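Student: Just dropping this structure here.
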Amino acid sequence: MNDTSAVKDALRRQQIETPSWAYGNSGTRFKVFAQRGVPRTPQEKIDDAAQVHRFTGVAPSVAVHIPWDKVDDYAALAAHAKEKGVRIGAVNTNVFQDDDYMLGSVTNPDPAVRRKALDHLLEAVDIMDMTGSRDLKLWFSDGTNYPGQDDIRTRQDRMAEALAAVYERLGDDQRFLLEYKLFEPAFYMTDVPDWGASYAHCVKLGPKAQVVVDTGHHAPGTNIEFIVAFLLREGRLGGFDFNSRFYADDDLMVGSADPFQLFRIMYEVVRGGGYDAATGVAFMLDQCHNIEPKIQGQIRSVMNVQEATAKALLVDAEALSAAQSSGEVLEANAVFMDAFNTDVRPLLAELREEMGLHPDPVAAYKASGYYERIAEERKGGQAAGWGA
């Protein structure tokens, strides 16, 4: 797509969801770092997410995490989001923090623990009904640390049984996205370790079960764009959890470690039709900012996704196809690299001005005084963070 007006039109339709937990205090397994002005309530998390949308124009939804964002009235929470100009997006479940889940949640050997975990997943669907959410995000820390600790096949049976129960509970316009992770906190074997396992479970259940790709959940050197292309071809790519990693599940700002990888992924999204709204692919950030300012970090990540998407849209598909068909290896690669090496920041700045936004979202946010205001207003109370 070489027509810049067409590229702008496509970018204008882009939507990137931010996660509520990114606005609270976060850190590493060694330390959670406290910052001034972090939210104390789910409502304040939504307020901060609304600022990202205000300055970027492409972040109209915020994912929630239960019970971190537990409230008495979810319809009122959805109304609060609407009042702030955003909406509640995916509902994320938590079956990894209770002591009962030491040996797993839905795959635990104890049927009482499995029942507890399933009840939580079904409760999350109830919350989707109240908030109008389309997507239920499922990630399981379930797995084992030692060979022989539990039966691998039996655990797959338990996983399949739980997923089937959740699938049956979904409404006609709802779906679940099944996330996978190679390791951590389980180290010998995780029960949904890779895209193949997630895909197999989803295919067995039906079209309302989709795979979600967390870009930090793979072995080093994994060709993530191949996974994206394959899942799009099969109609099973439900969405992304965008972040960056250097070593493992680092949850760094998307595009900060390997912007070329992000471009390659977004090219396959565009190539496979996943950028079209009708496909339903959800683009969400999943990163826990440790040392950088919360809202500003989210704005920067949204901008990074925008830049990668713009470059992907600029790939000369006709020239690339011609070079590929004729076996011109270097020419094909050159077409690809020309798009990646294009400075799309002026194009995006122009687009933002056309949308009535400041051309530099970070500068506009910093000049708004919002951070200084919340740093003063949010003194006292219990700041939100991991587990809250």
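Student: Take region 26-59 and flag every residue that is open to solvent by 20 Å² or more (accessible area, probe 1.4 Å) and among the basic types (K, R).
Tutor: Result: R29, K31, R36, R40, R54.
To keep it simple, each residue is scored yes or no on (1) crowded, with 16+ Cβ neighbours inside 10 Å; (2) in contact with a His (Cβ under 8 Å, 6 or more places away or on another chain).
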site	(1), (2)
A6	no, no
W21	yes, yes
G24	yes, no
S61	yes, no
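Student: Filter region 53-78 for residues that are β-branched (V, I, T) and assigned to a strand (DSSP E or B); which is farthest from L121 (Cα to Cα)?
Tutor: That would be V62.
Student: What are the residues in region 215-231 that are within 18 Å of the chain's Cα centre (by Cα) and either open to solvent by less than 10 Å² (accessible area, probe 1.4 Å) or free of Cβ contacts under 8 Å to residues at least 12 places away in the same chain (or both), if any? Give the steps one after another, and end with the answer.
Tutor: Going residue by residue through region 215-231, those that are within 18 Å of the chain's Cα centre (by Cα) are 215-218, 224-225, 227-229, 231.
Hits for region 215-231 are T215, G216, I224, I227, V228, L231.
Student: Since F240 meets every condition but one in (1) open to solvent by 10 Å² or more (accessible area, probe 1.4 Å); (2) in contact (Cβ under 8 Å) with a residue 40 or more places away in the chain, which condition does it not meet?
Tutor: (1)
Residues checked against (1) open to solvent by 10 Å² or more (accessible area, probe 1.4 Å); (2) out of contact with any strand residue (DSSP E or B) (no Cβ under 8 Å at 6 or more places or on another chain):
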| residue | (1), (2) |
| --- | --- |
| R169 | yes, yes |
| R175 | yes, no |
| K181 | yes, no |
| D194 | yes, yes |
| A197 | yes, yes |
| C202 | no, no |
| L205 | yes, yes |
| K208 | yes, no |
| V213 | no, no |
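Student: For E44, only one of the following conditions fails: (1) part of a loop (DSSP other than H, G, I, E, B); (2) over 21 Å from D251 (Cα atoms); (3) of a type outside the set (A, V, I, L, M, F, W, C). What is its number?
Tutor: (1)
Student: Output the qualifying pairs, or none if there are none: Cβ atoms under 7 angstrom, residues six or more apart or on different chains, first residue in region 247-259 and closer than 15 Å to T18 by Cα, second residue surrounded by 19 or more Cβ atoms within 10 Å (Cβ to Cβ) and aromatic (F, W, Y).
Tutor: So the pair list comes out as V254/F242.
Student: Something else now. Please identify the pairs in which a residue from region 80-108 that is under 20 Å from I127 (Cβ atoms) has its Cβ atom under 7 Å from the Cβ atom of a residue that is open to solvent by 80 Å² or more (accessible area, probe 1.4 Å), counting only partners at least 6 apart or on another chain.
Tutor: From residues that are under 20 Å from I127 (Cβ atoms), the pairs are A81/R87.
Student: Tell me which residues, restricted to region 132-164, are open to solvent by 20 Å² or more (accessible area, probe 1.4 Å) and under 24 Å from the mean Cα position of the chain (by Cα). Quick ask: steps written out before the conclusion?
Tutor: The first filter runs over region 132-164 and keeps only residues open to solvent by 20 Å² or more (accessible area, probe 1.4 Å), leaving 132, 134, 139, 145-154, 156-158, 160-161, 164.
Selection gives G132, R134, W139, A160, A164.
Student: In addition: Out of the residues in region 232-245 meeting the condition of being within 18 Å of the chain's Cα centre (by Cα) and in a loop (DSSP other than H, G, I, E, B), tell me which one is modelled with the lowest pLDDT. So that I can check it myself, show each step before the final result.
Tutor: Initial filter on region 232-245 (within 18 Å of the chain's Cα centre (by Cα)): 232, 236-245.
From what's left, in a loop (DSSP other than H, G, I, E, B): 236, 243, 245.
On the way: R236: 98, N243: 96, R245: 93.
Going through the qualifying residues, I end up with R245.
Student: In region 308-365, what residues are closer than 19 Å to G57 by Cα and polar (S, T, N, Q)?
Tutor: T309
Student: Further question: Regarding region 79-102, can at least one residue be identified that is open to solvent by 10 Å² or more (accessible area, probe 1.4 Å), in a helix (DSSP H, G or I), polar (S, T, N, Q) and on the phi < 0 side of the Ramachandran plot?
Tutor: No: region 79-102 contains no residue that is open to solvent by 10 Å² or more (accessible area, probe 1.4 Å), in a helix (DSSP H, G or I), polar (S, T, N, Q) and on the phi < 0 side of the Ramachandran plot.
The values are calculated or read from the model by the stated rules, or taken from the named source; none is laboratory data. Everything numeric here is computed off the predicted structure, so don't read it as measured data. Please note: Cβ atoms are built from the backbone with ideal geometry, for glycine as well, and neighbour counts cover all protein chains shown. To get the accessible areas, we keep the full protein, side chains included, count just its heavy atoms, and leave off ligands, DNA and RNA. Shrake-Rupley method; radii C 1.70, N 1.55, O 1.52, S 1.80 Å.
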